[in-house]
Amino acid sequence: MILEVDDNRWDRIGLFRRIDRAKSYLINEKSAQPGQNVVMLGISWPSYLIWFIACAELGMSFVVSDSVGLHRCSASVREKLSLYGDIDYVIGNIEDKYFRELPHLYDKYIHHKAWANYHPSSYDTPIWATRDSILIRSTTSGTTNIPKVCNHTHGFFYDLMVRNADVLNLNENDVCLHTLILHHGSVAGVYFLPSLYRCKRHRWCEHIECANTIQKYDVNRALLFYDDVNDMTNRMIVPNKTMTLYVLSAVTERFIDHMVRRLGNTVTSIYGCTETSGPLMLSLATPFDNTNWDPLAFSGPLDTFYVLSVKDGMIQVMMPDGSIITPGDRFTMNGDKWILKGRENIYRIKGKQIYLGILASWLESRYNWKHQDTFDLVFDSERESIYLRINNMLLNSLHDLNQEIELHFGSTDYQITKVIEGARLDFYTGIKFDSNEVRLRCRG
């Protein structure tokens, strides 16, 4: 097999030797051991690929730091890093602004090009990883309180990798686009590893270069994150009728109109979560079937890898090991379609049930705001408080707002404790809106 990474063509021996250099460096110079925690910050290809495989083969665990590649280290990201315990190595560029905001990790630093200048006496390196070794450590979204750490093993990701290569219909000659957030959460198992397993041609770019890279090269597979979607809508002009774009969140009608109806591409909306990885379900908009496409209407279970069910309106997932996970999303059934209705959003203040969805709907109708666009509601279960994230200049007085809320609901149960102004994207870490970032800023 020839693996093409950007303009580099590596045969198996060439790639393996580069990986062995990195492994030898970790073993001989850093005394690496299985089970140690590794963070990779803003590393471009081919170094990213080399370090990823090298660390994985040694049984080391990748700690997901959500803002990798965004050059921003938020309060939420710093808290999440603390949840993992000791960080043994940080691979990246010590001059990066993001890294400079983590001075306590300076002594863990490895330069991202250290492998290139290291020439071991032998290329015979061990593989310490087993099926039970933890490959990825990530955190849940922290919708109501402190996020929880999720661990996924080599065995799980191997089985998922093979399954997803088939589910996504990946082919050997596909040209796959990658960006910096390659192992965010459990995205590694969704696209990154399946594409490496099945496809031999790969391009890499930073997020802001997605549209340019796709148009310059013959890319036909790409996983898009939140800012990539806007970039594609505004800058993609060359028709490419064989391209499939995978998205991890709902997209606008404008995006579908431009990318599918005008340019003839296929958009695949992926439903999953950090705890399960995925895809659990897919929703496709194709050039031949897009008239009434709803990104929240999914086609149901893809196979038997996961066992999906709905109990009391909430989706439940039986994992391959038999464990049961409840992601927290509501679904309804409409024929053979599974309709995503959003988070349950039922919480308690002083023993009383609070329905944030009701409050969100009232704010939309009363002020002509749009939930998860012009505003977000965040619940703090520890302090039994409701916080409001809102676009700048939309609210004159929290006191007046709370008076209206009390008048409408007939009690003070739904009053908002604190407001924080700022664009929604300012509260993104990784690939999605970070409720915990709002919570931490409001507490502070």
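Side notes on the structure shown:
- When the chymotrypsin sites (Phe, Trp or Tyr not before Pro) in the range 207-239 are filtered for DSSP coil states and for at most 15 other beta-carbon atoms within 10 Å of their beta-carbon, the remaining sites are Tyr217.
- Distance between the range 247-309 and the range 326-379 - C-alpha centres, whole angstrom: 21 Å
- Taking the fewest neighbouring Cβ atoms within 10 Å as the starting point, the ordered list for Glu209, Glu95 is Glu95, Glu209.
- Relative contact order %, the chain, counting alpha carbon pairs below 8 Å whose residues are six or more apart: 12 percent
- Note on Lys350 and Asp426: with the Förster distance fixed at 30 Å, the Cβ-Cβ geometry gives a FRET efficiency of about 0.40.
- Share antiparallel - DSSP beta bridges, the chain, percent rounded to 5: 60 percent
- Sparse packing (at most 14 other Cβ atoms within 10 Å of the Cβ) combined with a DSSP loop state is found for the following GluC sites (Glu not before Pro) in the range 340-444: Glu382.
- Cβ-derived FRET efficiency at R0 22 Å, Asn230 paired with Asp289, nearest 0.05: 0.35
- The range 158-343: antiparallel DSSP beta bridges as a percent of all, rounded to 5: 60 percent
- Fully extending the segment from Leu407 to Asp373 would add 9.7 nm, taking 0.36 nm per residue of separation and subtracting the current Cα-Cα distance.
- Cross-link reach is defined here as a Cα-Cα straight distance under 20 Å, omitting same-chain residues fewer than 8 places apart; for Lys23 the lysines meeting it are Lys108, Lys113.
- Mean Cβ neighbour count within 10 Å, used as a protection proxy, ranking 254-260, 21-27 highest first: 21-27, 254-260
- Cα-based reach from Lys337 at 28 Å (exclusive), listing lysines while leaving out same-chain residues under 8 positions away: Lys241, Lys311, Lys370, Lys432
- On Cα atoms only, tilt of 47-57 relative to the major axis of the chain in degrees: 80 degrees
- Order of Leu193, Leu245 - criterion: other Cβ atoms within 10 Å of each residue's Cβ, fewest first: Leu193, Leu245
- Using the Cβ-Cβ distance between Asn334 and Gln33 with R0 set to 41 Å, the FRET efficiency works out to roughly 0.20.
- Long-range amide H partners of Trp128 with built H, under 5 Å: Leu58, Gly59
- Taking Ser309, Ser283, Ser249 and counting other C-beta atoms within 10 Å, the order from fewest to most: Ser309, Ser249, Ser283
- Dipole size of the range 346-443 about its Cα centre, with +1 on Lys/Arg Cβ and -1 on Asp/Glu Cβ: approximately 220 debye, rounded to the nearest 20.
- Distance (nanometres) between label positions extended 7 Å along Cα→Cβ at Met318 and Arg366: 4.5 nm
- Calculated [θ] (222 nm, deg cm²/dmol) that DSSP helices of n ≥ 4 give over the chain, each run adding -39,500 (n - 2.57): -7500 deg cm²/dmol
- Projecting the Cα atoms of Gly313, Ile358, Leu395 onto the charge dipole of the chain, computed from C-beta unit charges around the Cα centre, puts Leu395 farthest toward the positive end.
- Rg over Rh, two decimals, the range 346-443 (C-alpha only, Kirkwood Rh): 0.94
- Protection proxy ranking of 271-280, 349-358 - average other beta-carbon atoms within 10 Å, highest first: 271-280, 349-358
- Hull shadow area, averaged, the chain [alpha-carbon convex hull, nm²]: 22.2 nm²
Every number in this text was worked out from the coordinates using simple rules, so none of it is lab data. Predicted model only: the values in this text are computed from it and were never measured. With ideal geometry, Cβ positions are generated from the backbone for all residues, glycine too; neighbour counts draw on all protein chains shown.
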